[in-house]
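The values are calculated or read from the model by the stated rules, or taken from the named source; none is laboratory data. For clarity, every value in this text was computed on a predicted model and none was experimentally measured. Neighbour counts run over all protein chains shown; Cβ positions are idealised from the backbone, glycine included.
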Amino acid sequence: MTIDLQTTRPDGTPRTVPLTDDDVARGRVLVRWMRVALVVGIVVSLGLVVFVWTQVPVWTTTPYRRHGVEHSLPTFALLLFPGLGVGMLASTLRKSSAYVPPRERTFLLVAMPIFVVFIVGATAYLASTYLAAGASS
């Protein structure tokens, strides 16, 4: 059995990418591992958020400069990166998410660990700035 996914060529004409049962099975395994990695990354990030909120006052801010203007980021900005992870996790819950063509599967195998490390690393960096700002005030 093959499943045809409609994609388009650069000139706009449609083409069909046949997926075999083996491709669909590999896609299901990939999506399952993506979900596990995302959940682990989200839990670690939320753990960092809770740790920061228990160590510094919630109204603690950290300076942020953009276009020469100084802004203050409240600690609620820590929820940005777990929110990105939740958005990505929601995209894996579609029924058609297991139908991943081989090239996309290869891309996701490389990009997903980088994305999860980015989520955790960015949250850890922001958490360290809030902890430093809370210690100095």
message: Within region 56-68, does at least one residue satisfy the condition of being farther than 25 Å from Leu131 by Cβ and either at pLDDT below 90 or touching a strand residue (DSSP E or B) at 6+ places or on another chain (Cβ under 7 Å) (or both)?
response: yes
- prompt: Based on what the data block shows, is Arg32 charged (D, E, K, R) and either assigned to a helix (DSSP H, G or I) or surrounded by 18 or more Cβ atoms within 10 Å (Cβ to Cβ) (or both)?
  reply: yes
task: Tell me which residues, restricted to region 71-106, are in contact (Cβ under 8 Å) with a residue 12 or more places away in the chain and β-branched (Val, Ile, Thr).
output: Thr75, Val86, Thr92, Val100
message: Could you tell me how many of the residues in region 24-38 are touching a residue at least 24 places away in the same chain (Cβ under 8 Å) and aliphatic (A, V, I, L, M)?
response: 6
task: Taking the options Ala90, Ala135, Ala77, name whichever one is part of a helix (DSSP H, G or I), aliphatic (A, V, I, L, M) and at pLDDT below 85.
output: Ala135
